[in-house]
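Working notes for the structure below.
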Amino acid sequence: MLVNATAPAIKAAAPPRVTRTREIEQIEFGIQASIAENVFDVFKPLKFEPGHPSLYLFAKRDTLFSVEKHPTGKLLLIKELSEVSASNQDQVNALNAEAEALQDLRGCKHIVQIEMDEYGNFFRNNKLVMEYIQGATLKNLYSSPIDPLKALFITSLLLKALKEAHFRQFIHRDIKGSNIMVALDGSIKLIDFGISKRRFRNVSEKLGAIGGTLEYLAPENILEPNLTAAPQLDLYSTGILLFELLEGRPPFDFDGDIQKLSDFIIHPEEYPFIFEKTPGRLQPFIRKMTDKNSRLRPVNAAVSLQEVIALFEQQIDVNPDAAIKYLA
């Protein structure tokens, strides 16, 4: 049998693609470490009173949030309806829907997970038990423009979360910075599935009542309330969020006025996207993600993720100095 004497040398030589992949992975690791540093700068550790395993955090729209120490030492986030909210059937239904959604989303790496309390329950008496994520919301973390590589990296993590949710047939419908938790290690988790909609193969729940935050709300919520929930709803909001990360502000401020949103949908020429800091090569992607016609947006989060990964690599090539700082 003939032996190729050059085979070992060929094996030892790393293909260029492998070297390129490792370089990108190192840059991603550096970006995540940088994000973690940003989180540490704003994170405030919890301070429990001696003998008190529960700590009240805050109230949001008559919903109470607190943290409890499980007997094992694990920290649990408790989301509980106030007495006022518990008498409102819509809010009760929303919390029930969130509990059902999170039960079906167990095991998703980039989505907040339900936990069991000391009695073995994750949902009882209008209380939802979840993991407590030590960190900060994306909204609290960045209020001014961040560099394109970091913005694209964060967007890729969000799209991974949406890919998981959409694969499990859930449309989040309220993508925004305050619904994205950034943990101390720089990873992210998507939270608040209270107004999410479920899809069953070719049948989806109707959009129904307008839900979500106006600045991030896809136009079809207004134009076609009888439309079925689809991934493009979340992709629109993701495009708006990417714009906000790059520019330090959402593209539009409707000030809670749904009439302004309606005007934007009917007369989009009066509400142009004004890019000031966004690199030119990223602008077409943002425009596609936020197209008023949902059929012209990417078909799902997996497709959008591949586009973001490609843009990330292109950004490294056109501005290597920006990438090198993450390799230090």
Total charge dipole magnitude, the chain, about the Cα centre, Cβ charges on Lys, Arg, Asp, Glu only, Debye to nearest 20: 980
Hey, if you put +1 on the Cβ of every Lys and Arg and -1 on every Asp and Glu Cβ in region 48-180, which of Leu159, Val112, Leu77 ends up farthest toward the positive end of that dipole? Leu159
Between Glu28 and Asp90, how many nm apart are label points set 7 Å from Cα along the C-beta direction? 4.1
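Mind running the shape call on region 53-208? Use the C-alpha gyration tensor, a ≥ b ≥ c as the square roots of the eigenvalues: rounded below 1.5 for a/c, prolate if a/b tops b/c, oblate otherwise. Show your work: numbers first, answer last.
Values: a/c = 1.58, a/b = 1.16, b/c = 1.36.
In terms of gyration-tensor shape, oblate.
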Mind ranking 175-184, 106-115 by how tightly packed they are, going by the mean number of other C-beta atoms within 10 angstrom, highest first? 175-184, 106-115
Would you check region 82-221 for Lys pairs whose C-alpha atoms are within less than 16 Å, ignoring same-chain pairs closer than 8 in sequence, and give me the count? 13
Is the chain best put as rounded, prolate or oblate by its Cα gyration tensor, with a ≥ b ≥ c the root eigenvalues, rounded for a/c under 1.5, and otherwise prolate when a/b is larger than b/c, oblate when not? oblate
Using a 7 Å offset from the Cα along the Cα-to-Cβ direction at both Glu224 and Asp62, what is the distance between the two label points in nm, to one decimal? 3.4
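The numbers here are math on the coordinates, done by the rules we state, and not lab data. What you see is a predicted model, and the numbers here were worked out from it, not measured in a lab. So basically every Cβ, Gly included, is an ideal-geometry build from the backbone, and we count neighbours across all protein chains shown.
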